[in-house]
Amino acid sequence: MGKKVRKQAQKLGFTNLPVTELYARARKIKTTFSKYVPDVARVIYDYIMLQDPSMLHDRSGGGRNNSYYYLSEKLQLYVEVFDKAAGFVVANPSNHAIQIKIYTKDEDLVRAIANAVNSIYADADGMLAHMDWRKIEKKFKVKRDDCIATWKKFLN
């Protein structure tokens, strides 16, 4: 699963568009059968669906790692969300390290998605104030300062 949406994005050339990578932490986790869905994936789904109800979406994985794929031809947008369990208790939102890859030429779309994700922590000083960068750095082999700079570029 999920490969169909990715293949469609590749076929349309969306994976060749400029990519922005953001890293996030879930605040809430929803359990569906054997999968855990972080609120980050749901917020992105809701934002794109509001703009383009005809978007394609899918998910893959299970247990500790899940991937979510969103493709909107209307918006010229392709988004991948990779959720990796970074702690022993998978049902604990703080044990999730999330990578968001946004493929688009439109920086306003990136800004809108970044702010939608940031709104998960709107009542608590935003996403950056609640990140566990050790887990992000360990799971995705990135540097904290680079991640923070990308977030700050797109937050209002």
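The values are calculated or read from the model by the stated rules, or taken from the named source; none is laboratory data. As the structure is a computational prediction, the values presented were derived from the model and not from experiment. Because the Cβ atoms are built from the backbone with ideal geometry, glycine has one as well, and the counts that use them run over all protein chains shown. Ligands, DNA and RNA are excluded from the accessible area calculation, which covers all protein heavy atoms including side chains. Shrake-Rupley method; radii C 1.70, N 1.55, O 1.52, S 1.80 Å.
Brief remarks on what is shown
- Scanning the range 98-156 for residues that are within 15 Å of Asp83 (Cα to Cα), touching an Asp or Glu at 6+ places or on another chain (Cβ under 9 Å) and open to solvent by 40 Å² or more (accessible area, probe 1.4 Å) yields a single hit, Lys101.
- Checked against the criterion of being among the hydrophobic types (A, V, I, L, M, F, W, C) and modelled with pLDDT under 95, the range 66-85 contains one or more residues that satisfy it.
- Scan the range 139-153 for residues that are under 16 Å from the mean Cα position of the chain (by Cα) and not in a helix (DSSP H, G or I) and the total you get is 1.
- Any hit, the range 79-87, residues being basic (Lys, Arg), touching a helix residue (DSSP H, G or I) at 6+ places or on another chain (Cβ under 7 Å) and either over 21 Å from Trp133 (Cβ atoms) or without any contact (Cβ under 8 Å) to a residue 12 or more places away in the chain (or both): no
- The residues listed here are Val19, Val5; of these, the one that is open to solvent by less than 30 Å² (accessible area, probe 1.4 Å), under 28 Å from Val90 (Cβ atoms), in contact with a Phe, Trp or Tyr (Cβ under 6 Å, 6 or more places away or on another chain) and not polar (S, T, N, Q) is Val5.
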